[in-house]
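The values are calculated or read from the model by the stated rules, or taken from the named source; none is laboratory data. From a predicted model like this one, the values you see are computed outputs, not experimental measurements. We work out accessible area using only protein heavy atoms, side chains counted, and drop any ligands, DNA or RNA first. Shrake-Rupley method; radii C 1.70, N 1.55, O 1.52, S 1.80 Å.
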Amino acid sequence: KVSRICLGTAFRGQSDDAVCLETIERALDLGCNFVDCANYYGRGRSETIVGKALKGRRDDIVLTTKVWSTMGPGINDSGLSRFHIMLEVERSLERLQTDHIDVYLLHSFDAETPLEETLRAMDDLVHQGKVRYTGCCNFSAWQVAEGLWCSDLKNLISFTCIQPQYNLLNRPEVEDELMALCRQHGLGMM
């Protein structure tokens with residue numbers, strides 16, 4: 001169960017780590033138990049700050065982070081291949097100073113990697129105890145449905161929630177397609 005408000009921790013434009021830490025601590029003190037970050041935010045800076053802020057409070061927080069973005073110059077430093085996911089989860093866990101991620105989100109769809117490969121890697125992370133639940137961000141309704149279908153067909157851990165871009169310019173797909181898909185399949189929406 002999570003608070004109605006999720007604290008996003010991209011901290012774009014904020015260069016003072018102390019202000020970032022204070023923001024997280026204030027949100028937690030006000031009852032927020034849902035913190036969202038990504039390996040890409042500040043090239044790991046967000047996760048490092050969140051890890052510091054959650055010391056001594058980790059068990060009370062539902063923590064999300066994401067994988068997909070380019071994290072280095074190498075050919076395998078981006079995307080949703082098994083190689084990249086397994087590498088980045090270890091880096092995220094270290095920066096976050098934790099042994100598990102509550103919700104590990106696929107930050108965007110990767111058309112270059114077979115979806116089954118991605119979902120199997122996520123399934124392995126859940127079975128290893130490094131990840132509790134999985135989800136996806138910025139997937140279209142058909143991509144979410146394909147992920148659910150593949151998970152069901154291959155008996156893999158399925159998405160628990162999605163995080164779409166929801167704003168005044170991007171309402172129809174979210175309201176007309178993704179919300180109905182979430183209701184039909186019991187998915188949460190961040």
task: Just the number, please: Stokes-Einstein D of the range 1-104 in µm²/s, Kirkwood Rh from C-alpha pairs, 4 °C, 1.567 mPa s.
output: 93 µm²/s
query: What's the extension gain from A10 to V126 if we count 0.36 nm per residue and subtract their Cα-Cα distance?
result: 39.3 nm
query: Mean Kyte-Doolittle of at least 0.0 and a Cα length of 15 Å or more along the axis: which whole DSSP H helices of the chain meet both?
result: 17-29, 141-154
message: Over the range 62-101, with the other protein chains present, what is the accessible area per residue in square angstrom, probe 1.4 angstrom?
response: 43 Å²
message: Using protein chains only and a probe of 1.4 angstrom, how many square angstrom of D59 are accessible, to the nearest 10?
response: 140 Å²
message: Run lengths n ≥ 4 of DSSP H only: what is the helix-derived mean residue ellipticity at 222 nm for the chain, with -39500 (n - 2.57) per run over all residues, to the nearest 500?
response: -12000 deg cm²/dmol
- line: The percentage of Cα-Cα pairs in the range 86-190 separated by more than 21 Å is 35 percent
- prompt: Across bins of 10 angstrom width beginning at 0, how are the C-alpha pair distances of the range 44-103 distributed, in whole percent?
  reply: 23, 51, 22, 4
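Share of Cα-Cα pairs in the range 89-145 beyond 18 Å, in percent?
35 percent
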message: Amide H of A38 versus every other amide H placed in the peptide plane: which residues, excluding those fewer than 5 positions away on the same chain, fall under 5 Å?
response: E47, K66
- line: For the chain, the accessible surface attributable to carbon and sulfur atoms (probe 1.4 angstrom, ligands and nucleic acids excluded) amounts in percent to 50 percent
By accessible area with a 1.4 Å probe, ligands and nucleic acids excluded, highest first: order of E117, E177, E88: E177, E117, E88
statement: The correct pair for the chain, radius of gyration to one decimal and Dmax as a whole number, both in Å and from Cα atoms, is 16.1, 47
